[in-house]
Amino acid sequence: MKTQFIIPALLFLGMASAPVFATSTVSETEAVQIMIQEQEKVKVDPENLPELVKETIAQNPETASLTISEAWQQTSEEGAIYYKVKFDNAGEELVKKYDADGKEIRETTKK
């Protein structure tokens, strides 16, 4: 008689606790991904940007007159280094990405 109650109770308990353990694993995985992304992201002083990047910014009419609010050196999934530069555009934020050679990286949409 006791086994008729214990076995279904254990099954119910196992099924009820499975989502709790699954979400904690997902959270840990997300935390690890964020840590890896943070390790690959280094803040750079705007004066210390590579000369080619600074030249490209100065030659572009869209960015030449803007102030750099912050700059980051990041590593892409392929391992290439690029620079993410945030500009102050009259109170609005403008973000551009440049490779180490100073070429602007434009986001492409995948179809």
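Read-outs throughout are calculated quantities, based only on the coordinates presented, and are distinct from any laboratory measurement. Being a predicted model, the structure only gives us computed values, none of them experimental. Cβ sites come from the backbone with ideal geometry, for glycine too, and all protein chains shown count toward neighbours.
Report the extension gain between GLU40 and GLU107 in nm, rounded to one decimal, defined as 0.36 nm multiplied by the number of residues separating them, less their alpha carbon distance. Can you show the working numbers first?
Working: separation 67, 0.36 × 67 = 24.12 nm, distance 1.94 nm.
Roughly 22.2 nm would be gained on extension.
Just add up the charged neighbours of SER76: K/R +1, D/E -1, any other residue whose Cβ is under 10 Å from the Cβ of SER76.
-3
Using label points projected 7 Å from each Cα along Cα→Cβ, tell me how many nm separate ALA9 and LEU94, to one decimal.
6.9 nm
Between ASN60 and ILE81, what is the label-point separation in nm under the 7 Å Cα-to-beta-carbon projection?
Inter-label distance under the simple model: 2.0 nm.
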